[in-house]
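Report on the structure given below.
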Amino acid sequence: MMNLIWQQLEMWISSLKSQLSNWKNHTKLFSVIPVPIAGAFVTGVCLSLLFAACTSPNSTNSNLANSSASPVSNTTGAKASIVRFGYQKSVILLKAKGVLEKRLKPEGIGVEWIEFPAGPQLLEAMNIGSIDFGHAGESPPIFAQAAGANLTYIAGIAANPAGSAILVPKNSPIKSVAELKGKKIAFQKGSSAHYLLLQILEKAGLKYSDIQPISLPPADARAAFVKGSIDAWSIWDPFYAAAEKSANARVLIDGKEINRQGGYYLASRKFADNNPQTIKAILEEIKKLEDWSDKHRDEVAATLSPVLGVDLDTMKRATQRKTFGIVPIDEKLIAEQQKVADKYYQLKLIPKQISVRDATLTPQQYAAFSPKI
C-alpha cells in the first residue's frame, strides 16, 4: 500500500514540477520569486497529500471524522480565521503597534506577518496564495496583473514624493539628470523606484534606452552603490535616508514635483470577496494609525528606529518628510494608475496592455469597506 502511495506521489510531484515550469515560462511571474517560497509551496502541498493518503478513514485526525476543522489556508470560500499580511519595512509601524491583532482578536481572527524586500516579491507571493493582504507602490500591481495575477486594489496610499530619490556617490561627477545618459542605474524592477526613474528621465528629455538599467532589490543595490559598481540608485525611504547618512550618497534629484503617484493596499480577489468586514476593520485601523503618525512623527521615528536597526537621526529624517494617509479607490485614482500601466506597455516593459479596472472592485464593495476613508 505504502509503496503504491509513494509511486503515485512521485509521479504527481514530477507532473507538478513540469506544470510549474511551463507556467513560469508563460507568465514570467516566478522570475524573481525567492526559491524558498516556491519550494515551500510545492513541499507543503506534497506533504499535505501524503498525510491525507496515509491517514486511515477511521483516524481521529481525518477530515471525514472532523468535518468542523478549519481550513489551513485562505483559499476556500469561507471567512478567513487568519490574515496573512505581507509587508515591507515602510509600513512596519503597523506591525510594531499591534493594532490589527487587538482589533481582530475579538472576532477570532489572527494576523501573520510576512516580510518582503519590495512590492514585486510581495505580490508574487500573493498570487501563489502565500499571503492575503499587503501593500506596494504603484508599479508592482501592474507587473503582477500583466503576468496574470488575480489581485485587487483595496485602498490607495497617499503619494510621498519627498520619500524617494535618485542618489549618486558624493564624489560623482554627475551633476544633472542629463548626465545619467549611458550610466548604470540600479532600481528594483517593477517598483515605485522604477517608475520614478521613468518620470525623471522623461522630464529631462532622456529615453529609457539611454541608460543602462540594473535591476536589483534594495539590499543588493546598496551594496553595489557602496562598492561603486553602479553610477546611480533610484530608491525609497527608509533605504534612501540610510544611504544619505551612511553610504556616502548625494541626492541628484528627489520625487518632489515629479512623482504624484502613491502606492496601494491590495488583496487576493478571493480574500476580498470573502472577507469585507475584516478588510473594513483593517483599513479603519490603518487610517487611525496614519492619522496618529502624522501628528506624532518623533514618536514614530523612536518606535521604528530599534525595530529597523536604523539610527534615530536617520529614522527622523525619513519620518519628517513622509506623507501619511490612505485614500479611496475612485475613478481619478484608477485613471492615474492606468497612465502608469500604459507607460510600461509603451516601453515594452510588460508583455501586454492591461486594464487597471479589471483589478478593481465595485463602488458598492469599496463603500462597504470604509466609507470614511
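Across region 302-317, the number of residues qualifying as within 18 Å of Ser164 (Cα to Cα) and buried (at least 21 other Cβ atoms within 10 Å of the Cβ) comes to 3.
Look at (1) touching a Lys or Arg at 6+ places or on another chain (Cβ under 7 Å); (2) open to solvent by less than 10 Å² (accessible area, probe 1.4 Å) and you find that His194 fails only one, number (1). Across region 214-243, the qualifying residues are those that are in contact (Cβ under 8 Å) with a residue 40 or more places away in the chain and among the polar types (S, T, N, Q), and the one among them that is farthest from Leu167 (Cα to Cα) is Ser229.
Residues to consider are Val83, Val91, Val111; find the one that is among the hydrophobic types (A, V, I, L, M, F, W, C), in contact with a strand residue (DSSP E or B) (Cβ under 7 Å, 6 or more places away or on another chain), closer than 20 Å to Ile326 by Cβ and at pLDDT below 95.
Among Val83, Val91, Val111, only Val91 is among the hydrophobic types (A, V, I, L, M, F, W, C), in contact with a strand residue (DSSP E or B) (Cβ under 7 Å, 6 or more places away or on another chain), closer than 20 Å to Ile326 by Cβ and at pLDDT below 95.
For Gln320, the requirement of being in contact with a helix residue (DSSP H, G or I) (Cβ under 9 Å, 6 or more places away or on another chain), more than 27 Å from Ser234 (Cα to Cα), of a type in the set (S, T, N, Q) and open to solvent by 30 Å² or more (accessible area, probe 1.4 Å) is not met.
Is at least one residue of region 115-122 surrounded by fewer than 22 Cβ atoms within 10 Å (Cβ to Cβ) and touching a helix residue (DSSP H, G or I) at 6+ places or on another chain (Cβ under 7 Å)? Yes; the residues of region 115-122 include at least one that is surrounded by fewer than 22 Cβ atoms within 10 Å (Cβ to Cβ) and touching a helix residue (DSSP H, G or I) at 6+ places or on another chain (Cβ under 7 Å). Checking each residue in region 263-301 for being among the acidic types (Asp, Glu) and either under 25 Å from Ile131 (Cβ atoms) or open to solvent by less than 10 Å² (accessible area, probe 1.4 Å) (or both) picks out Asp273, Glu284, Glu285, Glu290. The residues in region 329-355 that are surrounded by fewer than 18 Cβ atoms within 10 Å (Cβ to Cβ) and in a loop (DSSP other than H, G, I, E, B) can be counted, and the count is 7.
The values are calculated or read from the model by the stated rules, or taken from the named source; none is laboratory data. Computed from a predicted structure; not experimentally measured. For neighbour counting, all protein chains shown are included, and Cβ atoms are generated from backbone atoms with ideal geometry for every residue, glycine included. Please note that ligands, DNA and RNA were not included when accessible areas were found on the heavy atoms of the full protein model with its side chains. Shrake-Rupley method; radii C 1.70, N 1.55, O 1.52, S 1.80 Å.
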